[in-house]
Each structure stands twice: as C-alpha cells, then as structure tokens.
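Asks: Below are the structure tokens for one structure; questions will follow.
Laboratory data are not the source of any read-out in this text; all were calculated from the coordinates shown. This is a predicted model, so every value here is computed, not measured. We place every Cβ from the backbone using ideal geometry, glycine too, and count neighbours over all the protein chains shown.
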Amino acid sequence: MNYGRELLKGNTDSLLLCLISREPTYGYQIVKELETRSDGYFQFKEGTLYPALHRLERDNLITGKWQILPNGQQRRYYYITEKGQQVLANRLATWQDFASAVTSVIQTETT
Amino acid sequence: MVSSISHYLNSFKACLKIDHTIRDDVAEELSAHLEDKIQELEENGLSKEEASKIAVQSLGSPELIAQQIYETHAQGSWKEALFSALPHFLVALLFASYFYWHNLIWLSIVLILTVGMAIYGWHRGKPIWLFPWLGYYLIPVVVTGILLLSLPQGWGWIAALIYIPLALFVFIYIVRQTARRDWLYASLMLAPMLVIFSWFSSLGTGNRLLSSDWIAGLQTNALWIVISFITLAGATIAFIRLKPRRYKILSLLIPPLVILFSVTMASRGNIDSWGWLILLFSLFAFATPVWMQARAYQ
C-alpha cells in the first residue's frame, strides 16, 4: 500500500475542513486549491472528493448551499459549521503535536 | 462531447440507489465539476472533445463514486433503525402476551400508532423507516383476499374474481413504486408479510382459518412467532445500520431462514395446499426484489 496515499486518506477530512474554514468554496475550487497549495503533491481522482464532502456534511461539520454565479452557472458552496470549526481546531492541535513528535524522533535518529 | 458526459452521469445515477433528490443533487455537482474542468482545459488549448474526455477520466469511476456516496447516505442513524424495527417489536409484544391479543384498547393503540406513523412518514418525504410500517398495511389487502376465498362454495370465487385482481393491482403498484426507489426497500417492506403468512399457512387455511383450533395453534406457537418477529426486528436494525450494500442484502436473507425453520418445527410438515400457495407467494414476493438487486449488483 502506498504510504503517501494512506496518509492523504487519513487526513482528507482535516484538509477539506481547513480549506473550507478559510472561505466558503465548491468542489472544483477545492481540487485546485489542494493542488496549488501542495505544489501538485496531492494527486487523486477528483470524483472521490464528493463522497468526502458529503460525509462531512452528514456529520454536520460543513453545510452545502447551491449558489448562482454571475455567469448564471450553479455551484454548491460548502460552509464550515460551528461543530466543524471545533473538530478542525482539535485535529490541527493533534496533528501539530504528532508532527512535532515525529520530527523530534526522526531528528534524533538522523543526528 | 455531450454524450460522454451524459453517459458518465447516467452511469453514476444508475449505480446510486438512494433518495432521488440526493442523487440528483450529487449528479448536478459532478456536472458542474465537469463544466469547470472542461472550460479550464479548453483555455489551455485542448479541443472540446479532448477536454471532455480528460475531464471524465479525471473524475474517476462513476461506479466507485456512487458506491462511496451510497455508503455515506445508506447508513441510517440508530434512531432510524429503532423506528424501522418498532412495528416488529410491537407485533412481537402482541404475541408475547395472551393479554394483549384480547385487549381491544391495546390493539386500538397499536393500530392508531401504526396509522399515525405511516401518515407522518409519508408526509416527511418517505424516509427509510417508513417501509417496514407500510408492509403492515399490505397485510389486510392480502388477508381480505384469503378470507374471501374461505366463503361458502360459489360465493368465494365470485368475490375472489373481483377482489383479487384489484388487490393484486394495488399490491404490485405499491411494490413497484417502492422498488423504483430501491429494490431492497421493497423486500424490507414485504418482510412482515412473509412472517405473518408463513405462520398463517402453517396453522391452516380455508375452513380452519380463525377456528378455535387455529387460535389454539397460534397460542401454542406464540414463542416461535415472537422469535420470528424479534429476528425480523434485528435484521431490520442491521439493514439500516450496515453500510455496504452486499451486507444489507445478507441481513435481509436471514429472517426467511429463521422463519422457515420455525414454521417447519411448529407445523411438522402439516401444511395444506392453500398454505403452501400462500407461503410460496410470500416467499416469492419477498425474494424477488432481493434477487433483482443481486442481479443488478453482479
């Protein structure tokens, strides 16, 4: 099993919550943001994003609303909920603790 | 170009057996995603045909997305699971105590509750928990047909010739409407009918129906009947809570096995021809939707 893919799978929800918490956004924009911010590191089948978004919506972490763009096209914008913000804050804190612990161990090993 | 996108979206919709409003909403989102992708690729110099081909490929397998979306929406909450199993528990309770059978107030409460729940569910957009309750509504339709067949010679057939085609029409109409939403919901709805008619057939039909021997048989086998309904309630909870579709199918197949075992044990093979007919009809009605779904799944 690809380790990078497993890591991404385990952190997809946090990444999505993080992006949606910055500004309300929709599916395609999320894909582009992930690609841009990660310098192309995150590569995945774009369709798999939607089950993840719907899972977050089911758990009341985000909420989706259809909006009409100035050009007449419709997009489903996702907004983070209060519960989503709390979950994101907890996950970010856990991730930072975890990352710094892993970094400390790796640095000790390599020095 | 249009055909490859519509083919993709149609495949997605065909694979996704959930509430149509949710399904159409997700399909609309995927369509919007494809529009954006195609527009971007065209701006990068690709032809419309090439752009749409790449856009569809980058979304990934429609079957896989449908399966993942299904698993997100297919798992009902514990509240929904308990609501779905409640009518089976109520009927089990009815048979668990001799008192409840003969108490008109209790029977009226159960009846009013059942009618109230069905009306409430119907107006709340037909949620999944409604279907087991609806199943109990089909029972009087079939029971009336059986009772009409038990009328004295001559009259029975006249009544049956008028009533049975009409009842079958209503029955098939409701099953088809339910199966349109999901084949498995039709089986979930018909499951109580299978239990009740299996027991009906084992205790005797025709002139023996509702006779003192028949009622006595009902009392003697009350424990097995309660076990059948508790099994059905358990299977319903499992059906609502399980995510993968194949496990849902498996959970629906457990009650018939337990019920057939219980009926065989209780009747010791003394089932008359009408009894077999009713039993086979119930089994056929119950198993057809599951079988249709299993075929679609392959």
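Asks: Using the beta-carbon distance between A:Trp95 and B:Leu168 and R0 = 60 Å, what value does 1/(1 + (r/R0)^6) give for FRET efficiency, to the nearest 0.05?
Replies: 0.50
Asks: Can you give the translational diffusion coefficient of the protein assembly as shown in µm²/s, computed by Stokes-Einstein from the Kirkwood radius over Cα pairs at 25 °C and 0.890 mPa s? Let's see the in-between values first.
Replies: Working: Rh = 25.0 Å.
Rounded to a whole number, D works out at 98 µm²/s.
Asks: Once you average over the residues of A:42-54, how many Cβ atoms of partner chains fall within 10 Å of each Cβ?
Replies: Going residue by residue through A:42-54 and averaging, the value is 6.
Asks: Rounded, prolate or oblate: which fits the stretch B:2-72 when a ≥ b ≥ c are the square roots of the eigenvalues of the alpha-carbon gyration tensor, with rounded for a/c under 1.5 and prolate only if a/b beats b/c?
Replies: Details: a/c = 2.47, a/b = 2.31, b/c = 1.07.
Because a/c hits 1.5 or more and a/b exceeds b/c, the stretch B:2-72 counts as prolate.
Asks: Also, quick follow-up: Count charges around A:Tyr26 for me, please; just the other residues with Cβ under 9 Å from its Cβ, Lys/Arg as +1, Asp/Glu as -1.
Replies: Combined, the nearby Lys, Arg, Asp and Glu give 0.
Asks: Using the Cα atoms of the stretch B:115-268, I'd like the radius of gyration and the largest Cα-Cα distance, Dmax, both in angstrom.
Replies: 16.9, 52
Asks: In addition: I'd like the distance separating the alpha-carbon centroids of the stretch B:161-179 and the stretch B:108-122, in whole Å.
Replies: 22
Asks: Sort out for me the Cα centre separation of the stretch A:51-90 from the stretch A:18-39, rounded to whole Å.
Replies: Result: 12 Å between the Cα centres.
Asks: Using Stokes-Einstein with the Kirkwood hydrodynamic radius over Cα pairs, what translational diffusion coefficient do you get for the stretch B:1-146 at 37 °C and a viscosity of 0.692 mPa s, in µm²/s rounded to a whole number?
Replies: Calculated translational D: 172 µm²/s.
Asks: Find the centroid of the Cα atoms in the stretch B:227-247 and in the stretch B:14-73, then give the distance between the two in whole Å.
Replies: 33
Asks: Just want the ordering: A:Ser14, B:Ser52, from fewest to most Cβ atoms lying within 10 Å of their own Cβ.
Replies: A:Ser14, B:Ser52
Asks: Can you give the helix-only mean residue ellipticity at 222 nm for chain A, where every DSSP H stretch with n ≥ 4 adds -39500 (n - 2.57) and the sum goes over all residues, rounded to the nearest 500 deg cm²/dmol?
Replies: The per-residue figure over chain A is -21500 deg cm²/dmol.
Asks: Across peptide A:56-63, how many C-beta atoms of other chains are within 10 Å of each residue C-beta, on average?
Replies: Across the residues of A:56-63, the mean count of other-chain Cβ atoms within 10 Å is 1.
Asks: Ok, one more. Find the Rg to Rh ratio for the stretch A:3-110, where Rh is the Kirkwood radius over alpha-carbon pairs and Rg uses the same atoms.
Replies: Taking Rg over the Kirkwood Rh, I get 1.03.
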